[in-house]
Amino acid sequence: MYSDIVQDHFDNPRNVGALDQADAEAEVSNPACGDIMRLYLRIDGDRIVEAKFQTQGCPAAIAAGSMTTELLIGRTLEEAGGLKRDEVNDALGGLPPQKVHSSVLTEDAIQAALAAYRKRQP
């Protein structure tokens, strides 16, 4: 059902946990399936230097959160804002149609975290 990449990111998720003194964080949920994701970002200048996540959800949601943090690290804020669910899906080797909502959750988390960061800036 899942690609080898999805399975690997589920079995061995990267960048899991809270990020102390995060410059940006957001929590989003999908009421239809019950998945919840919290995304933490550390930003230096205009670049994401660290990203972590916590997810309550299915294997696809965990894998999507893991891959998303990998894709965010090193990106500028503008590049991060352009990260869409299709890129996460592609990086994971595809998600089954009934699990695409997991990558939608990551896209929502990115946008919410960046909005929270911008709100805190002078």
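The values are calculated or read from the model by the stated rules, or taken from the named source; none is laboratory data. None of these values were measured; they are calculated from a predicted model. Positions of Cβ are generated from backbone atoms using ideal geometry, with glycine treated the same way; all protein chains shown enter the neighbour counts. With ligands, DNA and RNA removed, areas are computed over all heavy atoms of the protein, side chains included. Shrake-Rupley method; radii C 1.70, N 1.55, O 1.52, S 1.80 Å.
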Under a crude label model (7 Å from the Cα following the beta-carbon direction), how far is GLN111 from ARG47 in nanometres? 2.7 nm
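Calculate for the chain the 222 nm mean residue ellipticity that helices alone would give, adding -39,500 (n - 2.57) per DSSP H run of length 4 or more and normalising by residue count, nearest 500 deg cm²/dmol. Intermediate values should be presented prior to the final figure.
Working: 5 runs with 54 residues, N = 122.
Helix-only estimate at 222 nm: -13500 deg cm²/dmol.
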Please list the equivalent ellipsoid semi-axes of the chain, computed as the square roots of five times the alpha-carbon gyration tensor eigenvalues, in descending order and whole angstrom. 23, 14, 13
What distance in nm separates the two pseudo spin-label positions at SER29 and ASP90, each 7 Å out from Cα along the beta-carbon direction? 3.3 nm
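Which whole-number percentage describes the relative contact order of the chain, with Cα contacts under 8 Å and a sequence gap of 6 or more?
Values: 225 pairs, mean separation 38.0, N = 122.
Relative contact order of the chain: 31 percent.
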Accessible area per residue, 1.4 Å probe, Å², for the chain: what's the number? 50 Å²
How far apart, in nanometres, would the label points at GLN98 and GLU78 be if each is projected 7 angstrom from Cα along the Cα-to-Cβ direction? 4.2 nm
Hits for the chain under the membrane-span-like helix rule (DSSP H, Cα axial span at least 18 Å, Kyte-Doolittle mean at least -0.5) are 59-72, 101-120
For region 1-88, the percent of accessible surface on carbon and sulfur atoms (probe 1.4 angstrom, ligands and nucleic acids excluded) is 43 percent
If you take the square roots of the eigenvalues of the alpha-carbon gyration tensor of region 1-55 and sort them as a ≥ b ≥ c, do you get rounded (a/c under 1.5), prolate (a/b over b/c) or oblate? oblate
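Near VAL100, within a Cβ-to-Cβ distance under 10 Å, what is the net charge of the other residues, with Lys and Arg +1 and Asp and Glu -1? All intermediate terms of the calculation are to be shown ahead of the outcome.
Details: positive: ARG85, LYS99; negative: ASP86.
That works out to +1.
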